Structure formats: C-alpha cells, structure tokens
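The structure appears right after this line, and notes come after that.
The values are calculated or read from the model by the stated rules, or taken from the named source; none is laboratory data. Remember, it's a predicted structure, so these values are computed and weren't measured experimentally. Positions of Cβ are generated from backbone atoms using ideal geometry, with glycine treated the same way; all protein chains shown enter the neighbour counts. For the accessible areas, the whole protein counts, side chains as well, though only heavy atoms, and no ligand, DNA or RNA atoms are used. Shrake-Rupley method; radii C 1.70, N 1.55, O 1.52, S 1.80 Å.
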Amino acid sequence: MVFDFRFWRYFTNQQELIGNLGSGTMRGFKNRVWMVGFFGLVLYVAQEMWGINTHHITPLYAFGGADPYTLARLSSLVGIILWAVLYMSFHFFGIAFLLNRITKIELSRLAVLQLYVVGILLLEKALLWLIFMMTGFTTHISLFSFGPLAAAVFEDTFLVFFFNQLTIFSALIIALQVRFIHAFTDTNPRKWLVLLLFIHIVMALITASIGLLPLEDWFAHYIERGVFNE
C-alpha cells in the first residue's frame, strides 16, 4: 500500500500514521520536511526582525550610530539563520539517528517522528512569540515551562534555566516518542519512557549550561571591536 504523507492530517491522528508506516510505503515526505524547515526559518527570521534577543546590540546605535547598528543587526540575522538550521537539523537528523542506534527502528520511520517533534517545538516558539507581541515585552523564561516557578523558588540561575527547558510541550514530545517507539518494538514502554526522560534531562542540563555563557556580551564586544577598529 502506498499512502501520501500529510503533516496536519497525521498530526492529530498518530495511530493511523503508525499503522500506515507499518504496512505501507510513504510518499511526499520530503516535501513536508522542506515545508517545516521553511516555516522554521521564517519564524526565526521574523522573531529576529521583531527584536527578540537583539537588546544586547541596541547600545551600539546610541554610541556608534546607524552604521555599526546596521552591521550588528545583519550579523545577528545571519547568526539566527545558522542557529535555526542547526537547531532543526539536530532535532530532526541528530535525535533520529540517536534513537535509531538505541531502538534499532528504521531511520526513515524515526525521521517521521522527529519531523513532528520539530513541528511541536516550532509551534511552542510561535505561540510564545504571539504572547510577546500581545504583551509588548519578552522574557528569557518560557511561560509554558517550570521556569517561572523555579525563578520564584530558586535564586540559582542554572536551576532556573534548567527548569525552563521542561515545558508542557516537552511532555507532549516525550509522550509522542514513547507511543511511536513502542509501536515498532516489543519492549515495555516504561523502558522507553525512562530512557527518553533521561535524554531530555541531559539536553536540558546542556542547554542550561550554555545559557550561562555570556554569548550576547561576546557578540556585542566582537561587533564593537570590529566597528571601532575600522
């Protein structure tokens, strides 16, 4: 049996998708991969142009004028495009390959799973951006995470960043991954739940550690040094 892959159709009907993958041949998947990738790039670029995570270069306009500020914005735009490609590629190719090594499920099936994971992550970012536009301000802490609660309880920045990675969308992703992997293996789903929780916690720890690095200060210093040395 040959079936056409429809992203939104199977987004709410995962059981049908799992059944079709187990008994048929899929077509049209690559086009949907490009569709999700294009949406992700547009989302990241739109957020950048709106001003998310660009406050660190605002002082350049006050002290250096329009030219340094324009250069900084262009550099920031290029950087966010590269980061978007890296971020989506990691969750799509990287995690699919890792799960393939662990579960022995065909990589093509896991690629379908991870495409939905990328879609959920992008949906989270889009919803958060919508809230930012409605309220008129941004924050490093996601409203969909345990970050706000952690910020009220802990003073340690690392703990706040760590719990900020644990969101309701993360729970949805784990549930989807467990269901999908269990459908193609005979192993107890609790094993996959524990394994996936471990992977997500490790990723949250790594992300929290990176969040402590003064990347914004390094970027601003690099731009300032390049501009004022001309």
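Taking TRP129, TRP83, TRP34, TRP192 and ordering them by how much accessible surface each has at a 1.4 Å probe, largest first, produces TRP34, TRP83, TRP129, TRP192.
FRET efficiency for the ASN188 to MET26 pair, using the beta carbon distance and R₀ = 25 Å, is estimated at 0.35. For region 77-83, backbone phi angles converted through the Karplus equation (6.51, -1.76, 1.60; θ = phi - 60°) give residue-by-residue couplings of 5, 4, x, 6, 5, 5, 5 Hz, Gly and Pro being listed as x. If you average the alpha carbon positions of region 68-105 and of region 138-168, how far apart do those two centres end up, in angstrom? After rounding, the separation between the Cα centres reads 22 Å. Bridgeable lysines around LYS104 (alpha carbons under 25 Å apart, same-chain partners fewer than 8 residues away excluded): LYS30, LYS191. Under 16 Å from a label point set 7 Å out along the Cα-to-Cβ vector of TRP50, the amide N atoms of region 142-172 belong to 142-144.
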